[in-house]
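Asks: Input: one structure, supplied below.
The values are calculated or read from the model by the stated rules, or taken from the named source; none is laboratory data. Just so you know, these numbers come straight off a predicted model, no measurement behind them. Positions of Cβ are backbone-derived with ideal geometry, glycine not excepted, and every protein chain shown enters the neighbour counts. Each accessible area value is taken on the protein alone, full model and side chains, heavy atoms only, with ligands, DNA and RNA left out. Shrake-Rupley method; radii C 1.70, N 1.55, O 1.52, S 1.80 Å.
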Amino acid sequence: MVAIDLALARRLALSVVLGQAAVTVVCALVSWLIAGPHAALSAAMGGGISTAASLVMALLGFGGKSAADGQRAMRAFLIGETAKIAIVIVLFVVVLKTMRVVPLAMLGTYVATFCVFWVALANMLPPLGGANIPRGRKKKQLI
């Protein structure tokens, strides 16, 4: 059985949102320097879509009374994930229908913000091979 601290999960989810917002700003600035304001706006739109969707997931999936029991926590998480996917689809459709974007800037920034999520998740997982052994200590070898 794996126990998850809801407050820690909520902090992690919100830190992912902040990380995605920071990556969005950096990508928009780089796009501005490389290709101008139109590319910067496109990058901001791509990163903004990912950041907004992650924020909704964090608020719905880890907010309120979702930790009361396992079923309720799972339901909140699934509702948050469903809302996240719906928001990504709706916002991409709205942006693509209403503006001319620089596809590389928009999709590149979206992917960059998506990578923030995977890096944060990888940092929270225990190391491969099982036991979480503090650095500097060696495993006892069995003979």
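Asks: Being modelled with pLDDT under 95 and farther than 21 Å from residue 14 by Cα is the filter here, so list the residues in region 106-131 that pass it.
Replies: 127, 128, 129, 130, 131
Asks: Which residue pairs have Cβ atoms closer than 7 Å, lie 6 or more positions apart in sequence or on different chains, and pair a first residue in region 77-90 that is touching a residue at least 24 places away in the same chain (Cβ under 8 Å) and more than 18 Å from residue 62 (Cβ to Cβ) with a second residue that is open to solvent by less than 30 Å² (accessible area, probe 1.4 Å) and in a helix (DSSP H, G or I)?
Replies: These pairs meet every condition: 88/49; 88/53.
Asks: Here's another thing I want to ask about it. Condition first: assigned to a helix (DSSP H, G or I), farther than 19 Å from residue 6 by Cα and in contact with a Cys (Cβ under 9 Å, 6 or more places away or on another chain). Can you find one or more residues in region 89-108 that meet it?
Replies: To start, the set of residues in region 89-108 that are assigned to a helix (DSSP H, G or I) comprises 89-98, 103-108.
Now drop any that are not farther than 19 Å from residue 6 by Cα, which leaves 89-98, 103-108.
From what is left, the residues that are in contact with a Cys (Cβ under 9 Å, 6 or more places away or on another chain) are 105, 108.
Scanning region 89-108 turns up at least one residue that is assigned to a helix (DSSP H, G or I), farther than 19 Å from residue 6 by Cα and in contact with a Cys (Cβ under 9 Å, 6 or more places away or on another chain).
Asks: Out of all the residues in region 89-100, is one or more of a type in the set (Val, Ile, Thr), touching a helix residue (DSSP H, G or I) at 6+ places or on another chain (Cβ under 9 Å) and within 24 Å of residue 119 (Cβ to Cβ)?
Replies: no
Asks: Another one. Does region 47-70 include one or more residues that are in a helix (DSSP H, G or I) and over 16 Å from the mean Cα position of the chain (by Cα)?
Replies: Yes, there is a match, as at least one residue in region 47-70 is in a helix (DSSP H, G or I) and over 16 Å from the mean Cα position of the chain (by Cα).
Asks: Also, I was wondering about something else. Which ones in region 26-61 are touching a Gly at 6+ places or on another chain (Cβ under 8 Å) and not small (Gly, Ala, Ser)?
Replies: Result: 27, 56, 57, 59, 60.
Yes/no matrix, rows are residues, columns are (1) among the β-branched types (Val, Ile, Thr); (2) over 23 Å from residue 125 (Cα atoms); (3) open to solvent by 70 Å² or more (accessible area, probe 1.4 Å):
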| position | (1), (2), (3) |
| --- | --- |
| 27 | no, yes, no |
| 37 | no, yes, yes |
| 40 | no, yes, no |
| 44 | no, yes, no |
| 54 | no, no, no |
| 59 | no, no, yes |
| 74 | no, no, yes |
